[in-house]
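Everything on this sheet refers to the single structure shown next.
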Amino acid sequence: MNMQEESAENIHISVLLDEAVGILTAGGGDSFVDATLGLGGHAEAILKELPKSRLIGIDQDTEAIAFARERLRAYGERVKILHANFSDIASIVGREAPNGVDGIIADLGVSSLQFDKGSRGFSFREDAPLDMRMNPASGDPTAAELLKSLSETEIADLIYKYGEERFSRRIAWRIVEKREAGSPVETTRELAALVERSVKRSPKEKTHPATRTFQALRIAVNHEIEVLEDFIASAADSLKTDGKLAVISFHSLEDRVVKQAFQKLSGRCTCPPRIPQCICGAEKRVEILTKKPIVPGPEELERNLRSRSAKLRAVKKL
C-alpha cells in the first residue's frame, strides 16, 4: 500500500461495512454500483467478496475519486469510476450495464475527507470559507451565498426543515441582522459563534449547538433530499430481478425519506385515509429486507464514533 492509499485508509472508516456488503452480495452477482464511492471502502469489500464481479463507482467529489482510484487500482478493468451525481444512476446503468445490476449501495454520510478538510467548509472545527458543496466545480451557490441571498423567513424555514432546529427563527434573525449591518456570515467560525449565541442547549447534550444548522445548510446547498428521492426510484429501476439496494443514512430526515420511499416501492399506499381511491401510485416492486433499520453494534461504535447515527435499510427487487 502506498502513502496515498494509506492516508485514504486512515481518513475514513466505512460504516456498517460487513452488514451492507453481506446483504448486497448474498446470492452472488456480477455487476454492482457504489453510488457514493467516497474513498472506496464499500466498493473494495464487494470486489473482494465476489472476485469475478465488476463495479461502477460514482462520486461527485474529485478529491474522493482520486483516493478511490488509487485504492482500487489493483482491480483493473473490474472497476469503472465516474465523476457524476448519484441521481444520474439510471442513465449510467443504462449505458454501462444495459441489463441492470445485481446490487447498489449508497452511503449518504459526508466522508471524513470532506469533513476533516477545513477548507471545504463542512465543519466548524476549523475556520474556513462557508462553502459546503460536495462538488465545488458545480457552479451551485455556496452556503455563504445562500445566507446572503435568502430572506429571513427562507433561512429559518431551511434550518428548521433540514436541521430540525427549534431555534431556527432566532438563528435566521441573527444572520440577517449581521448581514444588514454590512458584515454577512462568510466563514464557518462566524456561523458557529452566531448559532451558539442563539441556541439554548442542556449541559448534558454532547453535540455542538451549531451541528443542526450546519447539517441543514449542507443539505440545502447540495439538494440532498430532492436528489435522494429521485435516486431511490431510479436505483430500483436499475436493478435486475432479485437485485438489492442498500442505503445508509445518518440523520432522521434522510432515514425518513429512505423508509417512506422503500414503503412506497413495496406497494404501501401513502394516500390520506379518507381518499376513496389510491392516487399516490404505490406499486409492489420490491421486498423490504430490513423491517427495522440495522444500526452499528458496540464494537463498531467504539471503533468509529461517527457511526453512532448510522442506519442501514435494504430492499430486493421483485
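Just a few scattered comments:
- Residue list for the range 161-194, filter: outside any helix (DSSP H, G or I), closer than 14 Å to residue 151 by Cβ and out of contact with any helix residue (DSSP H, G or I) (no Cβ under 8 Å at 6 or more places or on another chain): none
- Residues satisfying the criterion are present in the range 247-259 (criterion: within 26 Å of residue 314 (Cα to Cα), without any contact (Cβ under 8 Å) to a residue 12 or more places away in the chain and not in a loop (DSSP other than H, G, I, E, B)).
- Selection within the range 274-298 - within 15 Å of residue 313 (Cβ to Cβ) and either among the hydrophobic types (A, V, I, L, M, F, W, C) or in contact (Cβ under 8 Å) with a residue 24 or more places away in the chain (or both): 286, 287, 288, 289, 290, 293, 294, 295, 296
- Residues within the range 182-223 that are surrounded by fewer than 20 Cβ atoms within 10 Å (Cβ to Cβ) and under 15 Å from the mean Cα position of the chain (by Cα), tallied: 1
- Residue count for the range 286-307, restricted to those that are surrounded by fewer than 10 Cβ atoms within 10 Å (Cβ to Cβ) and assigned to a loop (DSSP other than H, G, I, E, B): 2
- Odd one out for residue 178, checked against (1) in contact (Cβ under 8 Å) with a residue 60 or more places away in the chain; (2) more than 24 Å from the chain's Cα centre (by Cα): (1)
- Any pair with Cβ under 6 angstrom, 6 or more apart, that starts in the range 121-133 at a residue that is at pLDDT 85 or above and ends at one that is among the hydroxyl-bearing types (Ser, Thr, Tyr) and assigned to a loop (DSSP other than H, G, I, E, B): 131/142
The values are calculated or read from the model by the stated rules, or taken from the named source; none is laboratory data. Small disclaimer: the values here were computed from a predicted structure and weren't measured. Neighbour counts are summed over all protein chains in view; Cβ atoms, including those assigned to glycine, are modelled from backbone coordinates with ideal geometry.
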